[in-house]
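*Asks:* Just passing along the structure, written as structure tokens.
The values are calculated or read from the model by the stated rules, or taken from the named source; none is laboratory data. Note that this is a predicted model, so its numbers are computed, not measured. We place every Cβ from the backbone using ideal geometry, glycine too, and count neighbours over all the protein chains shown.
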Amino acid sequence: MPNTLPSLEAFYPLFIKGAKVLFILGVAWLCARIVSRLVFKLNLYALRVMDEKDGGSRLELEKRARTISEVVGRAAMLAIWFSAAIMALREGFGIEATPLLASAGVVGLAVGFGAQNLVRDVITGLFMLLENQIRINDVVVINGTGGLVEEMNLRTTVLRALDGTVHIFPNGNIQSLSNMTREFSYYVFDVRVAYKEDTDRVIEVLKEIAEEMRRDERYGPSILEPLDVLGVDMFTDSGVVVKVRIKTLPIHQWAVGREMNRRIKKRFDELGITMSVPYRTLYLGDKDRWLHLDVSGPQREQLRQIIREVMEEMAAAKTASGSKGN
């Protein structure tokens, strides 16, 4: 009976091709690992060079160095795996890459007009990177949407909002960009107090609270300067607005601001400083009988008594009117 099974020699070319493909992919993987190490060293080198040249905050330099190194690393990875794919097609499947690239060039020329948005995105991303407009871990507002910069690529910028939503913006479509955490930040307070309060005393209390926070081990390192008092900002229907602000490290302004708000509330309660609340003025039908009442104040019982008296007077007037009609 003849042997119908193929000989091992028939599999030899397939084995050689498979070995070449695996070798190419292995070399690509090794190059990718080397590039990862080089990107890490590039990050440290860029940080050292920018520190010597520009100086500035360590946090700011770290964000910029990380952004540059990650963009360079992604570009290098793309080049490595693209080259590996081209070589694997040629060695493993006998597909020449040159005709493919030539035809791709012709097709690319044909659809070049349709790729204008892609080119615009890449060029815009390149200028954003070179001009140091935003960096990874910045908090920014893009086209009215705020969030933390998680990724910055040449084509897109990725934000994560406070609720966890991920927003992806093509760089060419960015019309407005606000960086809230570049070099330093401010937290602005609008402290509303009642008209009866002494604004100078309120300002002194706010300064005391800010100095206590500067001496605090937890919040002190995040505060860069003493409290900046902007003054009495406006008069509202319910009270006076005192505007102050505090300068902090980038991204630390919200933690510092929330803690200071908590301390302001407690200190004002201890000192009896009344924060502004809505109030109403009641006119009781007599030019000499105006009554100004705090809606949430201790005069609530007095208000109830007056309302009862008014209702009794209205009921008596209605009864009298009915008696005259009869």
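*Asks:* Conditions: (1) at pLDDT 95 or above; (2) in contact with a helix residue (DSSP H, G or I) (Cβ under 7 Å, 6 or more places away or on another chain). Leu271 meets all but one. Number of the miss?
*Replies:* (1)
*Asks:* Just to be sure, is Ile136 farther than 23 Å from Pro250 by Cα and at pLDDT 80 or above? Full working, then the answer.
*Replies:* Numbers: farther than 23 Å from Pro250 by Cα: no; at pLDDT 80 or above: yes.
Taking the combined requirement at face value, the residue does not satisfy it.
*Asks:* A follow-up question, please. Count, please, the residues in region 136-146 that happen to be on the phi > 0 side of the Ramachandran plot and crowded, with 21+ Cβ neighbours inside 10 Å. First the steps, then the outcome.
*Replies:* From region 136-146, those on the phi > 0 side of the Ramachandran plot are 137, 143-144; that's our starting set.
From the residues that got through so far, the ones that are crowded, with 21+ Cβ neighbours inside 10 Å too are none.
The total comes to 0.
*Asks:* Select from region 163-217 the residues that are touching a Leu at 6+ places or on another chain (Cβ under 6 Å) and not hydrophobic (A, V, I, L, M, F, W, C) and write down the one among them that is nearest to Val229 (Cα to Cα).
*Replies:* Lys207
*Asks:* Those residues that are part of a loop (DSSP other than H, G, I, E, B), closer than 27 Å to Leu148 by Cβ and among the small types (Gly, Ala, Ser), I need them from region 174-222; list them, please. Give the steps one after another, and end with the answer.
*Replies:* So the first thing to find is which residues in region 174-222 are part of a loop (DSSP other than H, G, I, E, B), and the list is 174-176, 180-184, 194-198, 216-219.
With the extra rule that they be closer than 27 Å to Leu148 by Cβ, the set shrinks to 174-176, 180-184, 216-219.
Selection gives Ser176 alone.
*Asks:* Report yes if Thr236 is polar (S, T, N, Q) and either within 17 Å of Arg192 (Cβ to Cβ) or exposed (fewer than 13 other Cβ atoms within 10 Å of the Cβ) (or both), otherwise no.
*Replies:* Working: polar (S, T, N, Q): yes; either within 17 Å of Arg192 (Cβ to Cβ) or exposed (fewer than 13 other Cβ atoms within 10 Å of the Cβ) (or both): yes.
Criteria met by Thr236.
*Asks:* Taking Asp198, is it under 26 Å from the mean Cα position of the chain (by Cα), exposed (fewer than 14 other Cβ atoms within 10 Å of the Cβ) and not assigned by TED's automatic domain parsing to the domain that holds Arg74?
*Replies:* Details: under 26 Å from the mean Cα position of the chain (by Cα): no; exposed (fewer than 14 other Cβ atoms within 10 Å of the Cβ): yes; not assigned by TED's automatic domain parsing to the domain that holds Arg74: yes.
So Asp198 does not fit the description; no.
*Asks:* Hey, another quick one. Starting from region 124-139, keep only residues that are free of Cβ contacts under 8 Å to residues at least 40 places away in the same chain, then list their pairs with residues that are crowded, with 18+ Cβ neighbours inside 10 Å whose Cβ atoms are within a distance under 7 Å, requiring at least 6 positions of separation or different chains.
*Replies:* Correct list of pairs: empty, since none qualify.
*Asks:* Given Leu162, Leu154, Leu126, which one is assigned to a loop (DSSP other than H, G, I, E, B), out of contact with any strand residue (DSSP E or B) (no Cβ under 9 Å at 6 or more places or on another chain) and of a type in the set (A, V, I, L, M, F, W, C)?
*Replies:* Working: Leu162 fails: out of contact with any strand residue (DSSP E or B) (no Cβ under 9 Å at 6 or more places or on another chain); Leu126 fails: assigned to a loop (DSSP other than H, G, I, E, B).
One residue alone meets the criteria, Leu154.
*Asks:* Sort out which residues of region 243-270 are over 27 Å from the mean Cα position of the chain (by Cα) and crowded, with 17+ Cβ neighbours inside 10 Å, and write them in order of number.
*Replies:* Phe268
*Asks:* Same structure, new question: Under 9 Å between Cβ atoms, at least 6 apart or on separate chains: pull out the pairs that start in region 152-169 with a residue that is closer than 14 Å to Val140 by Cα and crowded, with 16+ Cβ neighbours inside 10 Å and end on any residue that is modelled with pLDDT under 90 and of a type in the set (Lys, Arg).
*Replies:* Sorted first by the residue in region 152-169, then by its partner, the pairs are Met152/Arg135.
*Asks:* Can you tell me how many residues within region 95-133 are under 30 Å from Lys20 (Cβ atoms) and modelled with pLDDT of 65 or more? Can you show your working first?
*Replies:* Going through region 95-133, the residues under 30 Å from Lys20 (Cβ atoms) turn out to be 95-108.
Narrowing the set further to residues that are modelled with pLDDT of 65 or more leaves 95.
Residues that pass the stated criteria total 1.
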